[in-house]
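**Student:** Take a look at this one; I'll ask things after.
Rule-based calculations on the coordinates, nothing more; no lab input. Treat the numbers as computed from the prediction; the structure is a model and nothing was measured. Positions of Cβ are backbone-derived with ideal geometry, glycine not excepted, and every protein chain shown enters the neighbour counts.
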Amino acid sequence: MNHKQVSIADLKTMIGVDLGVSDWIEIDQSMVDTFATTTRDRQWIHVDVERAKRDSPYHAPIAHGYLTLSLVPAMNEQLQITPAGVDVVINYGLDKLRFLSPVKVGSRVRMHSKLISLEAKAPGQHLMKTLNTMEIDGEAKPAFVAETLMLLVDAG
């Protein structure tokens, strides 16, 4: 779904509804290298292309799991229904996360998102939980499945 202004009350009726599928994003070596430098996680399976081709069980370098997870906000931006009157959406964390399959460099990923719940947290605040499945183009198993939490803060 594209950004669609609905009310919080309308959003509550959408529990269990598929919010859509994001565009594909290619995971290239430059992205992996930049993430490795930023996070200081320079494990060879991510950044040493020749060694990964030779010694890795995947015969290619793979993206960091947290790199793929970090794409969730950008992909949600394409899908998320923005409730009318919400001033800010804050990352509130994760309830569950499982990395199920490695993402080889050069692969494309996209995300399926489904609304799990929407609960009042405090006056003017609602906690929205979505189920996000990161699909890998051409692979049977997803990269990960995550329940993400976003705090919706009403304009006040």
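**Student:** For residues that are over 8 Å from the mean Cα position of the chain (by Cα) and aliphatic (A, V, I, L, M), scanning just the stretch 65-87, find the one that is farthest from Ser117 (Cα to Cα). Give the steps one after another, and end with the answer.
**Tutor:** Pass one, the stretch 65-87, residues over 8 Å from the mean Cα position of the chain (by Cα): 65-67, 77-87.
The next check asks that each one be aliphatic (A, V, I, L, M); those that pass are 67, 79, 81, 84, 86.
Working: Leu67: 26, Leu79: 16, Ile81: 13, Ala84: 17, Val86: 17 Å.
Once the filter is applied, the top-ranked residue is Leu67.
**Student:** Now for a different question. If only one of Leu97, Leu79 is in contact (Cβ under 8 Å) with a residue 24 or more places away in the chain and within 18 Å of Gln5 (Cα to Cα), which one is it? Please lay out each step first, then the result.
**Tutor:** Numbers: Leu97 fails: within 18 Å of Gln5 (Cα to Cα).
Result: Leu79 is the single residue among Leu97, Leu79 that is in contact (Cβ under 8 Å) with a residue 24 or more places away in the chain and within 18 Å of Gln5 (Cα to Cα).
**Student:** I'd like the full set of residues that are of a type in the set (D, E, K, R), surrounded by 16 or more Cβ atoms within 10 Å (Cβ to Cβ) and closer than 15 Å to Leu11 by Cα, limited to the stretch 123-156.
**Tutor:** Lys129
**Student:** Next up: For the stretch 91-111: of the residues being charged (D, E, K, R) and surrounded by fewer than 17 Cβ atoms within 10 Å (Cβ to Cβ), which is nearest to Ala140 (Cα to Cα)?
**Tutor:** Going through the qualifying residues, I end up with Arg108.
**Student:** Going through the stretch 66-75 one residue at a time, which ones are surrounded by fewer than 20 Cβ atoms within 10 Å (Cβ to Cβ) and either touching an Asp or Glu at 6+ places or on another chain (Cβ under 9 Å) or under 18 Å from Asp18 (Cβ atoms) (or both)? Don't jump to the end; show me each part of the working.
**Tutor:** In the first step, residues of the stretch 66-75 are kept if they are surrounded by fewer than 20 Cβ atoms within 10 Å (Cβ to Cβ); the result is 66, 69-70, 73-74.
Answer for the stretch 66-75, where residues must be surrounded by fewer than 20 Cβ atoms within 10 Å (Cβ to Cβ) and either touching an Asp or Glu at 6+ places or on another chain (Cβ under 9 Å) or under 18 Å from Asp18 (Cβ atoms) (or both): just Tyr66.
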